[in-house]
1. Between A:180, A:215, which is at pLDDT below 95 and in contact with a Ser or Thr (Cβ under 8 Å, 6 or more places away or on another chain)?
2. Which of the residues spanning region A:48-84 are surrounded by fewer than 23 Cβ atoms within 10 Å (Cβ to Cβ), in contact with an Asp or Glu (Cβ under 6 Å, 6 or more places away or on another chain) and within 16 Å of residue A:190 (Cβ to Cβ)?
3. Collect the residues in region A:87-120 that are closer than 20 Å to residue A:138 by Cβ, hydrophobic (A, V, I, L, M, F, W, C) and either more than 7 Å from every other protein chain (Cβ to nearest Cβ) or in contact with a Phe, Trp or Tyr (Cβ under 9 Å, 6 or more places away or on another chain) (or both), keeping them in residue-number order.
4. When region A:56-86 is examined, which residues are found to be at the interface with chain B (Cβ under 8 Å from one of its Cβ atoms) and either of a type in the set (A, V, I, L, M) or farther than 24 Å from residue A:4 by Cβ (or both)?
5. Is there a residue being at pLDDT below 95, out of contact with any Gly (no Cβ under 6 Å at 6 or more places or on another chain) and of a type in the set (D, E, K, R) anywhere in region A:40-54?
6. How many residues are of a type outside the set (A, V, I, L, M) and either in a helix (DSSP H, G or I) or in contact with a helix residue (DSSP H, G or I) (Cβ under 6 Å, 6 or more places away or on another chain) (or both) if we restrict to region A:134-180?
7. Of B:189, B:177, which residue is under 26 Å from residue A:116 (Cα atoms), touching a helix residue (DSSP H, G or I) at 6+ places or on another chain (Cβ under 8 Å) and free of Cβ contacts under 8 Å to residues at least 40 places away in the same chain?
8. Before we move on, is residue B:54 closer than 18 Å to residue B:237 by Cβ, of a type in the set (Phe, Trp, Tyr) and either touching a residue at least 24 places away in the same chain (Cβ under 8 Å) or buried (at least 24 other Cβ atoms within 10 Å of the Cβ) (or both)?
Amino acid sequence: MSALLRVEGLSKRFGGLLAVRDVTLEVQEGGIVALIGPNGAGKTTSFAAIAGFVRPDAGRVSFAGTDVTGWATPRIAALGMVRTFQITQPFAGLTVAENIRVGAFLHTASPARAMEQARAIGTTLGLASFLERPAAALTVAGRKRLELARALATRPRLLLLDEVMAGLNPSEVDEIVALLRTIVSSGVAVLMIEHLMQAVAALASHVYVLSEGALIAQGPPAAIARDPAVVEAYLGHGAAATLANA
Amino acid sequence: MISRIVAIALAALALVPFALPSQSLVSLAFLAVVAALLGTGWNIAGGFGGLTSFGHAIFFGVGAYATALLQARHGLSPWLGLPVGAMLGGLIGWLIGVAAFRAGLRGSYFALVTLAFAEAFRVIANSLDYTGGGLGILIPLRPGLSSFQFADRRTSYALALALLAVALAVSAWLRRSRFGARLAAVRESEDAARALGIEPLHVKAAALALSGAITATGGVLYTQTYLYIDPTIAFGPERSVEMLLVAMVGGAGTVLGPLLGALVLQGITEGSRALSTTPGVAPMLYGLVLLAVVGLLPGGIVRLLRGRAA
C-alpha cells in the first residue's frame, strides 16, 4: 500500500542553522503518526516545509501520489493536506461559525451550504454553544477546537496538527483524544506534533523522534519510550545509563 | 436585516430632493451622497479588507479624467465614461495591489505606497499636455441626456443615489459571499487563511480592484456634474483623506458605516460653516467634532445602532 504522505530527505536551513536535516517519514492513508522531540528539534519547521509555508532546501514531499515540493500552501490545502497552528490563529473579528465557514468555502461557493457544514462540524467538535460568539472570546481549549474545526471543514485527507494538546488540562486532553479518534475513524489521516506522551501513546501507531533537526528514532510508542537515544535526547547525555543503574 | 435597513435608508434619501426647497441644498445633498459613494468604495478595501489606503484619490481621479478625456480629446460619448472609468479604476487597483502585496507591503507601508501612487498620478496629470497639465480639463457646457449633463441637480442626485445603491449592494454581498468571507479571513490572519486554501495575494488584489472600480464611478459623476477637473481636485491628498474619514467615522468594515459617516461629516462641515464666517473657525469646529466622534465612538457611528447592523 502506498503512503498518503511521503517525505524524503527533507532539509531546511536558516542562515548557519540546519533546522531540519534529511528527514524521511511516511503517513499511511487513515493512519495516525506522531512527530515528537525536545524544544527546538525542528518539528514545526518540518511541518512548515511539508505544508508549503517555507520552501525546503532539499528533499521531496509527495502527497496522494503528487509531488508537492515547493508548492504554495493554498494549493497543497486544496489537494487535501491542511495544517493547524501551535499558536492558534483564530480570525478574531469573526464568529466561531464564520471561522469554520471559511474552511468549508474551500469546496462550496454557496454561503448557505458552507454555513450548514460549519455548524455541523462546530457541533461535532463541541463548539455548539459558541457558534455565534466572536472567536476572540474563546478559551485556549476552545481555540484549539476551533483550529481543528476550521481545518476539518476543508474536508482534508491529512491533518497536520501542531500541538493541539498544549496548554490543555487533563480532562480537556481526554476530550481532544476522543475527538481525534472520531476524526481518524472517519478516514482522515493525522500527522501530529505532540509533547504530551500520554496523548501520543493513546493515539499514534507510529512515532518519529526528531532531535537537533534529525530523526534519531522511530517505531511504535511503547518501543520509543524505552529507546536510550530518545531518553538521552530529552534528558541529556548519559541519562539512559544513569536511569538503568538507579 | 441589513438589506432592509439599506433599502429604507436609500428610499429616504431618494425623497430628499423633493423636500428641499432650493437647488443649493440639493447640491449639498448631492455632495453627501457622492462622499458616501466614495467612502463605500474605500471601505471595500480599507474596511472589509483591512487594506488601509491613503491614496484612494487615484481611483477617483482616474474615473474623473477618464470621462473628461473621452469627451475632450476623443469626442466620444461621456456615457462611456462610466464603464471605462470603472474598468480603469479596477485595473489600476489590481495592478497596484499585485505590485504592493507581492512586495509584502501591509499596514502603514501599504498606506504610504498608495499615497505615493496618488502623488505620482497627480504629477503626471500636471505635466502632460494630454491631460491639460495644471490647468486641467474644462468640458463644454451642453446640458442634455446624450451629453450626460443635467441642468437640474436633482437628476445628478438621482444618478449618484443609483451608483450608491450599487456600491451598497456590493458591500452587502461582501458580508455574505464566499469572496467576502475570504477577504475577512485574510484581514484577520493571512497564515491561517493560507492554511485553509486561500491565496491572500489574489484576494487582496481583487478587493482593491473592486474598491477602485466603485471609487472611480464617483470620479466620473463628479466630472459630469462640475464639468471641470484638475490634478489637485482629482488626485490631491484631501480627496484620499475625505474618503477614509467618511468610512472610519461611520464605521469601517460595515455596510452602512460610510453612508452614516458621509451624512454626519457633511452635516458637521455645513453646520460649522453656518455657525461662524470667520476664516479658520469652521475647520477648527470640524476638527473638534471629529475628535469627539473618534474619541467617543472608536468603532464608528454605526455602533450607536447596535445589533446586527453593526
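The values are calculated or read from the model by the stated rules, or taken from the named source; none is laboratory data. Being a predicted model, the structure only gives us computed values, none of them experimental. Don't worry about glycine lacking a Cβ; one is built from the backbone with ideal geometry, like all the others, and counts go over all protein chains shown.
1. Numbers: A:180 fails: in contact with a Ser or Thr (Cβ under 8 Å, 6 or more places away or on another chain).
Just one listed residue meets the conditions, A:215.
2. Scanning region A:48-84 gives no hits.
3. A:87, A:96, A:97, A:100, A:102, A:104, A:115, A:118, A:120
4. Result: A:72, A:77, A:78, A:82.
5. Taking every residue of region A:40-54 in turn, none turns out to be at pLDDT below 95, out of contact with any Gly (no Cβ under 6 Å at 6 or more places or on another chain) and of a type in the set (D, E, K, R).
6. Step one: list which residues in region A:134-180 are of a type outside the set (A, V, I, L, M), which gives A:134, A:139, A:142-145, A:147, A:150, A:154-157, A:162-163, A:167, A:169-172, A:174-175.
Then keep just the ones that are either in a helix (DSSP H, G or I) or in contact with a helix residue (DSSP H, G or I) (Cβ under 6 Å, 6 or more places away or on another chain) (or both); that gives A:142-145, A:147, A:150, A:154, A:162, A:167, A:170-172, A:174-175.
Number of matching residues: 14.
7. Numbers: B:189 fails: touching a helix residue (DSSP H, G or I) at 6+ places or on another chain (Cβ under 8 Å).
Selected residue: B:177, the only one of B:189, B:177 that is under 26 Å from residue A:116 (Cα atoms), touching a helix residue (DSSP H, G or I) at 6+ places or on another chain (Cβ under 8 Å) and free of Cβ contacts under 8 Å to residues at least 40 places away in the same chain.
8. Numbers: closer than 18 Å to residue B:237 by Cβ: yes; of a type in the set (Phe, Trp, Tyr): yes; either touching a residue at least 24 places away in the same chain (Cβ under 8 Å) or buried (at least 24 other Cβ atoms within 10 Å of the Cβ) (or both): yes.
Against the criterion (closer than 18 Å to residue B:237 by Cβ, of a type in the set (Phe, Trp, Tyr) and either touching a residue at least 24 places away in the same chain (Cβ under 8 Å) or buried (at least 24 other Cβ atoms within 10 Å of the Cβ) (or both)), residue B:54 qualifies.
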